[in-house]
């Protein structure tokens, strides 16, 4: 019979063997293991330094590009938006500094920034669709013609209130039959049948006022009946609340605006082109207006103005650096808008003749 002492000796022997094995194993593997870890650490440190250097180079390059845009931007954009009535639409959460810098750059290109319409958070609040729908129908002169969802209708009505030169809802009088009295001149009949510009502007202002009083928008300046083109500024990130739902309705709203007014550009920073961003949603739905995802810095603001100029020429594209863009900027570049003043070329020619005369006189004196 095996006694207790035998069991005790066996257990001690097993633990002693384990201890000896651990000591020998760690002693033999210590140097190779440490060398491997040190080598991998050194490699990772080197990669980190390379990435940091690349990032610093990219930052310096971007800063240089921005300084270049500041230095030559006004010359590049000169007359690209000459006398274009521009209204800026700020989506909920749009950066105020970005909006202001875009307005300034557009003005430098010759645009007449007539005003700004900022969409309030209530515009995209959950459960607010019914109110938006009822308000759009209430302010419309032809509610029976409005189709689509609530935000499509709101886009059409706000677009009508902002756009320049929409056709009036009147019919042209028929020409008098042969042998009938001539009666008043046709232009007099047309003039009396159409609402005056003042009445039309007041109606547009009433639409904007209704949306403002409803807490859906805020208005700055005099944007009523003044927009030849629209610049919509996207929020920095996803809107508050249900981002997908908010992006969907804002995309539909902007589409309705662009189809009513005409040339439209949706601009924002790189975040707006990322997951959950408004620009990303617009690109996914192949929206019928241009987008720019590098706005908010001088280089991107120049691209945004070029996109607006391209839209006025009938060109649509997605510009910037995000996924799905057609290029960093429009190619070929849109040209400047010619002056409508017939005396301008004569003035330029006269100025050139005067310069030539001064040079000739200077040569004679010498």
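The values are calculated or read from the model by the stated rules, or taken from the named source; none is laboratory data. Quick caveat: nothing in here was measured; it's all calculated off a predicted structure. Neighbour counts run over all protein chains shown; Cβ positions are idealised from the backbone, glycine included.
With respect to the conditions (1) within 30 Å of residue 126 (Cα to Cα); (2) modelled with pLDDT under 80, residue 59 falls short on a single one, namely (1). Condition check for residue 161 on (1) closer than 18 Å to residue 258 by Cα; (2) in contact with a strand residue (DSSP E or B) (Cβ under 6 Å, 6 or more places away or on another chain): one failure, at (2).
Report yes if some residue within the range 267-280 is at pLDDT 95 or above, over 22 Å from residue 96 (Cα atoms) and touching a helix residue (DSSP H, G or I) at 6+ places or on another chain (Cβ under 8 Å); otherwise report no. No, every residue in the range 267-280 fails to be at pLDDT 95 or above, over 22 Å from residue 96 (Cα atoms) and touching a helix residue (DSSP H, G or I) at 6+ places or on another chain (Cβ under 8 Å). Does residue 295 fit the bill of being surrounded by 19 or more Cβ atoms within 10 Å (Cβ to Cβ) and within 16 Å of residue 235 (Cα to Cα)? Here the answer is yes, as residue 295 does meet what is asked. Cβ-Cβ contacts under 7 Å between residues 6 or more apart (or on different chains), taken from a first residue in the range 194-220 that is within 13 Å of residue 136 (Cα to Cα) to a second residue that is at pLDDT below 95 and surrounded by fewer than 15 Cβ atoms within 10 Å (Cβ to Cβ), are listed as 216/122. Annotation: of all residues in the range 236-247 being part of a helix (DSSP H, G or I) and either in contact with a strand residue (DSSP E or B) (Cβ under 6 Å, 6 or more places away or on another chain) or surrounded by fewer than 18 Cβ atoms within 10 Å (Cβ to Cβ) (or both), the one that is modelled with the highest pLDDT is 245. Selection of the range 138-157 for residues being surrounded by 15 or more Cβ atoms within 10 Å (Cβ to Cβ) and in a helix (DSSP H, G or I) yields 139, 150, 151, 152, 153, 154, 155, 156, 157.
Would a scan of the range 164-187 turn up a residue that is in a helix (DSSP H, G or I), within 30 Å of residue 81 (Cβ to Cβ) and either at pLDDT 50 or above or out of contact with any strand residue (DSSP E or B) (no Cβ under 8 Å at 6 or more places or on another chain) (or both)? There is no residue in the range 164-187 that is in a helix (DSSP H, G or I), within 30 Å of residue 81 (Cβ to Cβ) and either at pLDDT 50 or above or out of contact with any strand residue (DSSP E or B) (no Cβ under 8 Å at 6 or more places or on another chain) (or both). For the range 302-323, the set of residues classified as more than 11 Å from the chain's Cα centre (by Cα) and surrounded by 15 or more Cβ atoms within 10 Å (Cβ to Cβ) consists of 302, 306, 309, 310, 311, 312, 315, 316, 317, 322, listed by residue number.
Going by what's in this entry, would residue 110 be described as more than 16 Å from residue 308 (Cα to Cα) and out of contact with any strand residue (DSSP E or B) (no Cβ under 8 Å at 6 or more places or on another chain)? For residue 110, the condition - more than 16 Å from residue 308 (Cα to Cα) and out of contact with any strand residue (DSSP E or B) (no Cβ under 8 Å at 6 or more places or on another chain) - is not met. Looking at the range 259-273, can you tell me whether even one residue there is surrounded by fewer than 24 Cβ atoms within 10 Å (Cβ to Cβ), over 24 Å from residue 227 (Cα atoms) and touching a strand residue (DSSP E or B) at 6+ places or on another chain (Cβ under 8 Å)? No, the range 259-273 contains no residue that is surrounded by fewer than 24 Cβ atoms within 10 Å (Cβ to Cβ), over 24 Å from residue 227 (Cα atoms) and touching a strand residue (DSSP E or B) at 6+ places or on another chain (Cβ under 8 Å). For the range 280-301, a residue qualifies if it is assigned to a loop (DSSP other than H, G, I, E, B), closer than 14 Å to residue 325 by Cβ and over 12 Å from the mean Cα position of the chain (by Cα), and the qualifying residues are 286, 287. Under the condition of being in contact with a helix residue (DSSP H, G or I) (Cβ under 9 Å, 6 or more places away or on another chain), part of a helix (DSSP H, G or I) and surrounded by fewer than 17 Cβ atoms within 10 Å (Cβ to Cβ), the residues counted in the range 94-137 number 7.
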